[in-house]
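Q: Below are the structure tokens for one structure; questions will follow.
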Amino acid sequence: ESDTASEISFQFNKHKKTPSIGSHSSDMASVSSVSGSVLSVYSGDFGSVDAQGTVEFALDYDEKNREFQVHVFQCRDLAVVDEKKGRSDPYVKTYLLPDKARMGKRKTSVKKRTVNPIYNEVLRYKIEKMVLLIQKLNLSVWHNDPLGRNSFLGEIEIDLASWDWSNRKLNWYPLKPRSLSAVNGVDHRGVMNLSIKYVPPGSLGKMCPKNPPSGEVHIWVKDVKDLLQLRPSGVDSFVKCYVLPDTSKKSYQKTRVIKRDTNPVFNHTIVYDGFHTEDLKDACVELTVWDHEKLTNHFLGGIRLGLGTGLSYGISVDWMDSTQEEVAFWQEMMSSANEWIEGLLPLRSL
């Protein structure tokens with residue numbers, strides 16, 4: 001049996017180019033705080049300069065305060081971004097991987113007009129030591145652009161499980177170019193097993209009592225394999241669903257939480273009605289998997305089902321970025337009315 005069956009009406013306003021949604025749901029899970037679509041952590045201009053130079057920092061763990069500390073002291077011989085003015089305005093940014101979207105970034109101040117910035121700042125994370133030891137530290141250097149086109153200057157990644165915690169001294173490390181796998185979000189986060197179906201308006205015949213007056217998209221989240229394990233006890237996971245461009249509470253649905261299992265079985269069905277066939281090329285189903293904790297939920301990975309054109313109702317959007325596999329899955333649903341389309345799709349960083 002399906003865990004829950006949620007139904008959400010999707011009504012598109014063609015003039016405003018944005019959907020307004022009314023909803024009703026048999027989902028027993030309460031709708032709490034809602035976040036928008038998960039954006040890429042590594043936004044910016046990667047190709048403007050080649051990575052070069054070094055960074056000096058030290059790592060420490062404060063047992064008393066249960067705090068991970070990154071002491072960023074300085075950088076040397078960074079790349080010049082603005083060649084005409086011969087300047088870079090660098091800052092340092094850190095993430096704990098693989099949980100970079102939810103543990104949050106830490107960053108230093110910006111030092112203007114220098115390729116040899118001195119920071120002497122400590123970036124702090126409140127985190128249990130056992131959780132920290134299954135993370136990696138990603139430390140990257142960026143040029144700050146007033147218009148938001150920040151340029152990547154180099155990075156270093158450290159496996160904290162093999163780190164010598166008796167080493168609290170400042171050390172120099174060479175900055176490396178961003179790997180293609182990281183830029184494209186190619187990292188193994190698990191695989192989602194699901195089925196989707198599109199029921200066009202009036203397609204079931206006049207005699208059918210369930211014949212929808214408008215089209216419906218059915219999403220059946222079956223299970224997920226090989227989730228990232230953020231702590232030794234396992235992972236308490238659940239799935240969120242939105243139909244973008246709407247990120248309101250009425251669009252938002254979620255499964256129940258499956259505890260201490262890296263291969264959770266959800267068996268959860270959601271039905272969005274109010275779809276016309278032409279809406280399928282402009283909408284995007286975003287499914288994200290999260291680890292549930294009392295204070296905050298940690299992003300594990302997700303998929304976006306759509307045509308991946310970069311456009312929604314003629315407007316450029318960053319979430320219309322489906323991979324080839326996701327696009328093919330969505331296209332097969334569009335061309336196979338009233339049929340369940342089954343698929344195994346890898347989770348990604350979004």
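Q: With labels modelled as points extended 7 Å from the Cα through the Cβ direction, what inter-label distance (nm, one decimal) is found for N65 paired with E121?
A: 1.6 nm
Q: To the nearest 0.05, how large is the calculated FRET efficiency for V80 and T262 if R₀ is 45 Å and r is the Cβ-Cβ distance? List each step's numbers first, then the result.
A: Details: r = 45 Å, r/R0 = 1.01.
Computed FRET efficiency for V80 and T262 comes out at 0.50.
Q: Next up: Stokes-Einstein diffusion coefficient for segment 190-347 at 20 °C in a medium of 1.002 mPa s, Rh from the Kirkwood formula over Cα pairs: what value in µm²/s?
A: Values: Rh = 16.3 Å.
It diffuses with D of about 131 µm²/s by this estimate.
Q: Between D159 and R113, what is the label-to-label distance in nm when each label sits 7 Å out along the Cα-to-Cβ direction?
A: 4.4 nm
Q: To the nearest 0.05, what FRET efficiency results for S233 and H276 with a Förster distance of 45 Å applied to their C-beta separation? Numbers along the way, then the final one.
A: Details: r = 46 Å, r/R0 = 1.03.
Once rounded, the FRET efficiency stands at 0.45.
Q: Under 17 Å between alpha carbons, and skipping anything fewer than 8 positions from K136 in its own chain: which aspartates and glutamates qualify?
A: The reachable aspartates and glutamates, counting only those whose Cα sits under 17 Å from K136, are D60, E67, D99, E128, E155, E157, D159, D164, D187.
Q: When each pair of different Cα atoms in segment 44-182 is counted once in the 1/r mean, what is the Kirkwood radius in angstroms, to one decimal? Show your work: numbers first, answer last.
A: Details: mean 1/r = 0.0649 Å⁻¹.
Roughly 15.4 Å, rounded to one decimal.
Bear in mind that the values in this text are calculations on the coordinates, not laboratory data. Nothing here was measured: the structure is a model prediction, and the numbers come from that model. Using ideal geometry, Cβ is built from the backbone for each residue, glycine included, and neighbour counts are taken over all protein chains shown.
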